[in-house]
1. For segment 232-267, what are the residues that are away from the ligand (no atom under 11 Å from the Cβ) and part of a helix (DSSP H, G or I)?
2. Note down all Cβ pairs under 6 Å where the first residue falls in segment 240-258 and is within 18 Å of LYS215 (Cα to Cα), the second is β-branched (Val, Ile, Thr) and within 12 Å of the ligand (Cβ to nearest atom), and they're at least six residues apart or on different chains.
3. Report those helices (runs of 4 or more DSSP H) wholly inside segment 329-416 carrying at least 3 residues which are in contact with a strand residue (DSSP E or B) (Cβ under 8 Å, 6 or more places away or on another chain).
4. With respect to the numbered conditions (1) farther than 19 Å from ALA228 by Cβ; (2) within 12 Å of the ligand (Cβ to nearest atom), which one is the sole condition not fulfilled by SER284?
5. Within segment 390-411, track down each residue that is more than 10 Å from the ligand (Cβ to nearest atom) and either of a type in the set (Gly, Ala, Ser) or in contact (Cβ under 8 Å) with a residue 40 or more places away in the chain (or both).
6. What's the number of the condition GLU308 fails, among (1) over 21 Å from ASN358 (Cα atoms); (2) acidic (Asp, Glu); (3) more than 13 Å from the ligand (Cβ to nearest atom)?
7. Going by the conditions given, is GLY225 within 15 Å of the ligand (Cβ to nearest atom), in contact with a Pro (Cβ under 7 Å, 6 or more places away or on another chain) and of a type outside the set (A, V, I, L, M, F, W, C)?
8. Exactly one of these conditions fails for ALA117: (1) farther than 21 Å from VAL291 by Cα; (2) buried (at least 16 other Cβ atoms within 10 Å of the Cβ). Give me its number.
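The values are calculated or read from the model by the stated rules, or taken from the named source; none is laboratory data. Everything numeric in this text was worked out from a predicted model, so none of it was measured. Reconstructed Cβ throughout: ideal geometry from the backbone, glycine too, with neighbour counts over all protein chains shown.
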Amino acid sequence: MSDFLLRLAEQPATRSLIKSIGLPTPQKLARASGAYADEPLAGRRVLFGASQGAFAANTVENALKDAGADLDKSAPTTLGDEHKFNALVFDATGLTGASDLRQLYDFFHPVIRKIKANARIVVLAQNPATAADVHSSTAARAVEGFVRSMGKEIGKKGATANLINVQKGAEKYSVGPLRFFLSDHSTYVDAQAVTVNKPKKAPTKIAYSQALAGKTALVTGGARGIGAATAARLAAEGAKVVVLDIPADAETLQATADRIGGEALALDITGADTPQAIVDYFSSKGGLDIVVHNAGVTRDKTLANMKEKFWDMVQAINLEAILRVDDALLEAGTLNDHARVVCLSSIGGIAGNMGQTNYGATKAGLIGYVAARSDELAAKGIIFNAAAPGFIETRMTAEMPLMIREAGRRMNSMSQGGLPEDVAELICFLSTPGAAGIAGNVVRVCGQSLIGA
Ligand code: NAD
């Protein structure tokens, strides 16, 4: 599970050697440790600009100040290396037609070389679906192509570019994603567009630090990998976490639970009695606030060679069990108001993968599932989203044949795989009150993978 090329690239002695033979030299990615800070941008130099008529500009500027940013509102005409920026933020919510796109060029062109390693770029645009007219909607949608292309140009620096599509009137809900995308908590979430709308049932309070205090969470497949990292991250943010995994892994599961001061539930998620057992367990604990449907398996074979039992097994674990558990939780009223449900999809569910008809179907199904659920439960503030990882260094990817593994690991803007902790950060963010405007979205954590791009 270790990336040998990344280790060589980190050493000055071997870095030039791997460069000279034409191999990629991945940037060591900056990663946050522990919980959210009150001022995640303290000491960071941020350049902020806004298009004419931008409606989120005041909210964004105040949010940057609250987050402790060292704010510049215009770039000096001559910029030395010592003046490089940690972040560039542009509010493009005022764009009303195609010719307005020039404002993106005018803001970014002079400064795009003046960003530090691991810099963050965030652009805000109107939600194209709720823009006032055809021309505004076209311009808003164009921003996505701009941001994704920019992401490909800066990824080798470990830098990311992300987009917040915000509905007019929902500006305050763009603060959560803005803080997340600008911080080191969002490492490996690159070239994503989240849609922020006004929630039907707004959270009573939005806390950006110790954001999950008092919440109860369930993480399935929590013994190891992405699930264990997620459980640790939710616990660090103040949640009481219960990890669930198969009885055969009860020992590893208990050890994971003990490490984070949580509890272990040794159950097979596909068991006929499992949904009711989960309902009973959490009903006596004041219900559930966060569910992370993480348990998942691959059984890859081309369709022609796939055995029936491996088709059925992947469907049962990755998709059918999730629907059955959620149906039971909803029917019993075990999901509290404002609950968050995050499903683990995959870039394989977006682009499809050779040998993964079974897996791809389940992971695409989850994208449809969270979208379909998002309207249904909005009145209770219950929100469903999906996180779609790319190549993440876990047991699952360690089992891939060498050449496929190496291709998957390198074919992204950052020339490296992500860590379970990177996925955990995205799931944690989607579980916080700061993400209350994001519903039915699928957000990739893939370093802008070329697969499923
Ligand atoms: P992993 O194999 O390391 O962990 C998965 C966990 O799920 C295991 O602990 C396993 O015991 C548990 N599990 C499997 N079947 C179960 C069942 N029937 N009941 C209860 N628990 C069960 O895998 P991971 O890489 O951490 O993947 C976690 C999730 O992320 C999966 O849904 C996977 O499809 C998704 N994902 C992973 C990657 C990646 O690159 N690793 C990429 C895209 C999506």
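1. As a first pass, look at segment 232-267 and keep what is away from the ligand (no atom under 11 Å from the Cβ): 232-242, 251, 254-255, 257-264.
Of everything in segment 232-267, those that are away from the ligand (no atom under 11 Å from the Cβ) and part of a helix (DSSP H, G or I) turn out to be ALA232, ARG233, LEU234, ALA235, ALA236, GLU251, GLN254, ALA255, ALA257, ASP258, ARG259.
2. VAL243/VAL219; VAL243/THR256; LEU244/THR220; ALA257/VAL243
3. The qualifying helices (runs of 4 or more DSSP H) are 357-376.
4. It fails just one condition, (2).
5. ALA407, ARG410, MET411
6. The failed condition is (1).
7. Values: within 15 Å of the ligand (Cβ to nearest atom): yes; in contact with a Pro (Cβ under 7 Å, 6 or more places away or on another chain): yes; of a type outside the set (A, V, I, L, M, F, W, C): yes.
Against the criterion (within 15 Å of the ligand (Cβ to nearest atom), in contact with a Pro (Cβ under 7 Å, 6 or more places away or on another chain) and of a type outside the set (A, V, I, L, M, F, W, C)), GLY225 qualifies.
8. Going through the list (1) farther than 21 Å from VAL291 by Cα; (2) buried (at least 16 other Cβ atoms within 10 Å of the Cβ), ALA117 breaks only (2).
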